[in-house]
1. Of the numbered conditions (1) among the hydroxyl-bearing types (Ser, Thr, Tyr); (2) buried (at least 18 other Cβ atoms within 10 Å of the Cβ); (3) in a strand (DSSP E or B), Thr11 fails exactly one; give the number of that condition.
2. Going through Val57, Val41 one at a time, which residue ends up being surrounded by 18 or more Cβ atoms within 10 Å (Cβ to Cβ) and more than 19 Å from Leu141 (Cα to Cα)?
3. Search region 255-285 for residues being in contact with a Pro (Cβ under 8 Å, 6 or more places away or on another chain) and either at pLDDT below 85 or under 22 Å from Ile605 (Cβ atoms) (or both), and hand back the single one that is surrounded by the most Cβ atoms within 10 Å (Cβ to Cβ).
4. Within the set of pairs 6+ apart or on separate chains, which have a first residue in region 518-530 that is touching a residue at least 12 places away in the same chain (Cβ under 8 Å), a second that is aliphatic (A, V, I, L, M) and assigned to a loop (DSSP other than H, G, I, E, B), and C-beta atoms under 8 Å apart?
5. Please note which strands (runs of 3 or more DSSP E) are completely contained in region 75-151 and include at least 2 residues that are without any contact (Cβ under 8 Å) to a residue 40 or more places away in the chain, of a type in the set (D, E, K, R) and surrounded by 16 or more Cβ atoms within 10 Å (Cβ to Cβ).
6. With respect to Asp455, is the statement that it is surrounded by fewer than 17 Cβ atoms within 10 Å (Cβ to Cβ), among the charged types (D, E, K, R) and modelled with pLDDT of 90 or more true?
7. Within region 519-531, can one find any residue that is within 30 Å of Glu399 (Cβ to Cβ) and among the hydrophobic types (A, V, I, L, M, F, W, C)?
8. Collect the residues in region 475-489 that are touching a helix residue (DSSP H, G or I) at 6+ places or on another chain (Cβ under 8 Å) and in a helix (DSSP H, G or I), keeping them in residue-number order.
Amino acid sequence: MTRYALVVGITDYDGLPSLTKPIRDAEAVAQRLEKHGDFQVERLPKRWNPEKECYEVAHERVTGKQLGRGLLEFLQKQAAGSDALIYFSGHGITVFDELDRQKGYLAASDCTIKMEGKQIVAQQHGVALDSLNYVISQADLSSLVVLLDCCHADYFLEGDSIRKTLSVFTYKPDCHLIAACRSFANVDVGRSYGKGYSAFTTALLEGLLPENAGSDGQVSIDELLTLISRKLEDINLHREDGEYQQPIRMGSGRLLSLVSYPPKQTPPAAGETCPYQGLLPFDRTSADFFFGRRQVVQMIRQKLEFANFVPVIGAAGSGKSSVIQAGLIPLLEASSWRVLEMLPGNEPVAELKRTFCQWLPASDAEKVDSLVDKAPDLDWLMKHLPVSERVLLVIDRFEEVFTVCSEPATRNRFIQLLTQVAEISSRQLAIVITVQADFIALCLHEPSLIQLIQDWAVYIPPLVGKDLEQAIAAPATLQGYELEPGLLETILQDITKEKSYLSLLQFTLTQLWKERDQQTHQLTLNKYRQLGGILGAIDQYAEQFYQSLTQQEQDWLKRIFLKLVSFGTNVKDIRQRLPKSQLLELADNNSASRQIISDLLDRLIEANLLVINEDEWVDLAHEALMERWKRFAKWRLESWRQLQCEVLS
């Protein structure tokens, strides 16, 4: 499909200061899109260069009528039914009416303004953003990307004005906007970035360079936003006047690639670090091996452009934690977000305090306890802390608020603090929670959560097709290994027999990696079958560990594992974290038994059947153990029946 771009650069103005950079900015963008984006570019204004035998952006006036007509022709006719891109470099203005309401305009050469104090109260010949919003909403386009570089001199478009006026980008699929936001005083006067481009366009052009493309050679709109934010952050740090520029992003839908380069062909060196995670989630340290979830990560990122509270919902074993820890968090940290992570546990409010205290300097951490107790919401807390960067609070396993926290008042206070973030206009704090789908009904009993889930939830879909194949094969490829012919097909066939297969898949691939052929650099079909395949690997591994123990150790293992399960009555059983000290108390005051338990815990952790955090809380490595280790499943059933008998008696 042919792709079309309209590139506008306006330097000459009647009622506003003339500019120097938009022509150079626009032509550089046009050339990049033509050469590497496969766009047919329409320039405005344009002139024919007989020496180069091509059109280029001209140093000419563009009236309001010409700008409006150019946008209409492009959106309604030239780009109809196709992928489209609009780039504008020139003045943007914000006009305030009698009620102090803002209205944004793209300024044409004949644009004139009326000032009252420091505010523009009237204009003529500008193109209204609300009119542009309507035209875009009516346009029949396959996709649209709009790039606005309007922060020049002392005139600019307010970020809030852009968000409220260009509402089409909140609901029309596959429509994306990136705009320079707020004043970057005198950015066009007396200072150049890169090769004399504006700050925003410098960041844009650098983001479109081949070194910033992924391994597939593509630079997508989402990756571009991250790159622009990072570059502007660097520019802001080197400014001496305290002014800064920050891009805003609106839109959702497909991952749109703006430019393409040849895929990177660097042959992987054979590495021996296991690229699979077993029963553990992927995280920052293993993000390079995390494949197949790019679309859902970007979906969450897009939701955060419009909402401060985003629930991420998925079945057990769907990879929710990996999506957040290895996908979303590195993406946001690259855009200078601060990320805080927590699990609710039995005392979620206390855990919230601890999470903030760990982040802050000791002098400020002392304030947190009293501030949280007084705070009507977390935005109020943020305003009382010395915080400048955007903050993401990630609450994994949110269902623990209902299944582990036993105090209703604590639960209600915690939910109140979190959900009120959605009601505030400040963009400084955002919250992402992960919820296992089996417990969504409990969330829907909370009035403050119902609408947030309906409006902003992201549901983790099954990993299928090419994404699934990539998740299986690509990590090994990165380490210089390949799957033996027939292995991938066998794994895919086995997966069809199991609904919640991702944890089983990762565990099996981890075991298969241990049995890899280091001579041929292959993962082999024969070893896969010996391990028991997707459906039998966990049971075989856990059972082998169990059989290696003495009878006394086996008895303690059973008690430990059952202690780490919360048995449900009207809901399914789930794993529950416990302090190591509480597990050691199973031995009462018998020091010899305590030592046996302690040693056994160490071995279970080393075998990745249990996990432990820095606070010495112990947990089952994954829910998959509860179902897929047959012996453990039998223990759970026996314990559940015993509990039922005790209740009935």
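The values are calculated or read from the model by the stated rules, or taken from the named source; none is laboratory data. Bear in mind the structure is a predicted one, so any value in this text is a computation, not a measurement. Reconstructed Cβ throughout: ideal geometry from the backbone, glycine too, with neighbour counts over all protein chains shown.
1. Going through the list (1) among the hydroxyl-bearing types (Ser, Thr, Tyr); (2) buried (at least 18 other Cβ atoms within 10 Å of the Cβ); (3) in a strand (DSSP E or B), Thr11 breaks only (3).
2. Details: Val41 fails: more than 19 Å from Leu141 (Cα to Cα).
Val57 is the lone residue from the list that is surrounded by 18 or more Cβ atoms within 10 Å (Cβ to Cβ) and more than 19 Å from Leu141 (Cα to Cα).
3. The first filter runs over region 255-285 and keeps only residues in contact with a Pro (Cβ under 8 Å, 6 or more places away or on another chain), leaving 261, 275-276, 284.
If we keep only those that are either at pLDDT below 85 or under 22 Å from Ile605 (Cβ atoms) (or both) as well, we get 275-276, 284.
Working: Pro275: 21, Tyr276: 24, Arg284: 13.
The extreme case among them is Tyr276.
4. His521/Ala270
5. Details: elements: 83-89, 92-96, 102-106, 112-116, 119-124, 143-149.
In region 75-151, there are no strands (runs of 3 or more DSSP E) which contain 2 or more residues that are without any contact (Cβ under 8 Å) to a residue 40 or more places away in the chain, of a type in the set (D, E, K, R) and surrounded by 16 or more Cβ atoms within 10 Å (Cβ to Cβ).
6. Details: surrounded by fewer than 17 Cβ atoms within 10 Å (Cβ to Cβ): yes; among the charged types (D, E, K, R): yes; modelled with pLDDT of 90 or more: yes.
So Asp455 passes the test.
7. Of all residues in region 519-531, those within 30 Å of Glu399 (Cβ to Cβ) come to none.
No.
8. Pro475, Ala476, Leu478, Leu487, Leu488
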